[in-house]
Amino acid sequence: MISLKNINKYYKQGEQEVHILHDITLDIQQGEFVGIMGQSGSGKSTLINIIGFLDREYKGDYVFKEDNIVHYTNKKFTYLRNKNVGFVFQNFKLINNLSVAENVALPLMYAGVKKKEVTQRVSEVLEKVGLGGYEKSIPSQLSGGQQQRVSIARAIVGNPTFLIADEPTGALDSQTSAEIMALFKQLNTLNHTTIIIVTHDPNVGKQMDRLLTILDGRLISDTEGE
Ligand SMILES: Nc1ncnc2c1ncn2[C@@H]1O[C@H](COP(=O)(O)OP(=O)(O)OP(=O)(O)O)[C@@H](O)[C@H]1O
């Protein structure tokens, strides 16, 4: 489904061009549960920004569902992102003056879904992440684990093809982190959602079915989980 071919990424630093990603070639199939590990500064965020259609300034080819997206117009590229990717972040990125239901509804509102359907889908998805009945709560009144569940609900409400989670357990204690990982695994198993998780935490890494390791912008290992 995701097929990267010889991806090279450069950043301009003043007059100089710095080579950040080196010849990344990688396939991820529908339904995979993949972790990406690597030291700070190794290029993980740079890579997921490319995989998640946030960045298109690179050399190489990205074939998504048999289509080389390198030649897409910006409009088509944005549509591709909105339709296919859900993002989860370490610090949740919820809007505190909106209720839980309003936060989760945002992607559907942007997509022009009718209000009645929005309400129904938001309730369904909150139920799925274990937060049924929390529609009217305010994010800041919830625990970290609950806030991360809200952000996962927001990421999956549009039925994306794949989820990208950047250090999703980074701000959570180990018990809560285990619960969030169980939720990701459940979404992967029951809904066949492809999930890509960036993590520093070896405990998280070893729960993945497949683990990619990046070092200095190079993919140095691609292994099956334990
Ligand atoms: N916008 C930018 N302009 C210039 N250099 C950048 C930019 N973004 C990242 N870099 C550099 O690219 C390299 C890879 O950064 P990246 O954020 O992808 O690493 P990372 O593995 O995600 O790190 P971390 O685990 O700390 O988030 C680093 O050397 C960083 O300084």
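The values are calculated or read from the model by the stated rules, or taken from the named source; none is laboratory data. Quick caveat, the model's predicted, so the values are computed rather than measured. Cβ atoms come from the backbone with ideal geometry, glycine included; neighbour counts cover every protein chain shown.
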Would you check which residues across segment 81-90 are in contact with a Phe, Trp or Tyr (Cβ under 7 Å, 6 or more places away or on another chain) and surrounded by fewer than 18 Cβ atoms within 10 Å (Cβ to Cβ) and list them?
81
Only residues in segment 39-64 that are at positive phi count as the first member; pair them with residues that are assigned to a loop (DSSP other than H, G, I, E, B), Cβ under 7 angstrom, at least 6 apart or cross-chain, and list the lot.
43/217
Only listed residue being within 16 Å of the ligand (Cβ to nearest atom) and touching a helix residue (DSSP H, G or I) at 6+ places or on another chain (Cβ under 7 Å), chosen from 86, 35, 130
35
Within segment 128-141, is there a residue that is buried (at least 20 other Cβ atoms within 10 Å of the Cβ) and in contact (Cβ under 8 Å) with a residue 60 or more places away in the chain?
no
Which numbered condition residue 23 fails, given (1) within 28 Å of residue 170 (Cα to Cα); (2) within 16 Å of the ligand (Cβ to nearest atom)
(1)
Would you call residue 92 under 17 Å from residue 151 (Cβ atoms), part of a loop (DSSP other than H, G, I, E, B) and aromatic (Phe, Trp, Tyr)?
yes
Complete set of residues in segment 110-127 that are in a loop (DSSP other than H, G, I, E, B) and either touching a residue at least 24 places away in the same chain (Cβ under 8 Å) or of a type in the set (A, V, I, L, M) (or both):
111, 113
Quick one: how many residues across segment 158-168 are among the β-branched types (Val, Ile, Thr) and either part of a strand (DSSP E or B) or in contact with a Lys or Arg (Cβ under 6 Å, 6 or more places away or on another chain) (or both)?
1
Looking only at segment 177-199, count how many residues are of a type outside the set (Gly, Ala, Ser), more than 16 Å from residue 30 (Cβ to Cβ) and more than 15 Å from the chain's Cα centre (by Cα).
2
Any idea which residue in segment 2-19 is nearest to the ligand (Cβ to nearest atom), counting only those that are of a type in the set (S, T, N, Q) and surrounded by fewer than 11 Cβ atoms within 10 Å (Cβ to Cβ)?
13
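Residue-by-condition table, conditions (1) polar (S, T, N, Q); (2) modelled with pLDDT under 95:
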{"residue": "135", "(1), (2)": "no, no"}
{"residue": "150", "(1), (2)": "no, no"}
{"residue": "155", "(1), (2)": "no, no"}
{"residue": "193", "(1), (2)": "yes, yes"}
{"residue": "203", "(1), (2)": "yes, yes"}
{"residue": "226", "(1), (2)": "no, yes"}
Given the structure, is residue 30 part of a loop (DSSP other than H, G, I, E, B), more than 9 Å from the ligand (Cβ to nearest atom) and out of contact with any Cys (no Cβ under 8 Å at 6 or more places or on another chain)?
yes
Any chance residue 149 is within 18 Å of residue 52 (Cα to Cα), among the basic types (Lys, Arg) and not in a loop (DSSP other than H, G, I, E, B):
no
Give the residues of segment 38-68 that are near the ligand (Cβ under 9 Å from one of its atoms) and either in contact with a Pro (Cβ under 9 Å, 6 or more places away or on another chain) or under 17 Å from residue 85 (Cβ atoms) (or both), sorted by residue number.
44, 45, 46, 47, 48, 49
Only one residue in 5, 9, 59, 65 is farther than 28 Å from residue 147 by Cβ, at pLDDT 95 or above, touching a Gly at 6+ places or on another chain (Cβ under 7 Å) and of a type in the set (D, E, K, R). Which one?
5
Going residue by residue through segment 109-122, is there one that turns out to be out of contact with any Phe, Trp or Tyr (no Cβ under 9 Å at 6 or more places or on another chain), over 27 Å from residue 32 (Cβ atoms) and among the small types (Gly, Ala, Ser)?
yes
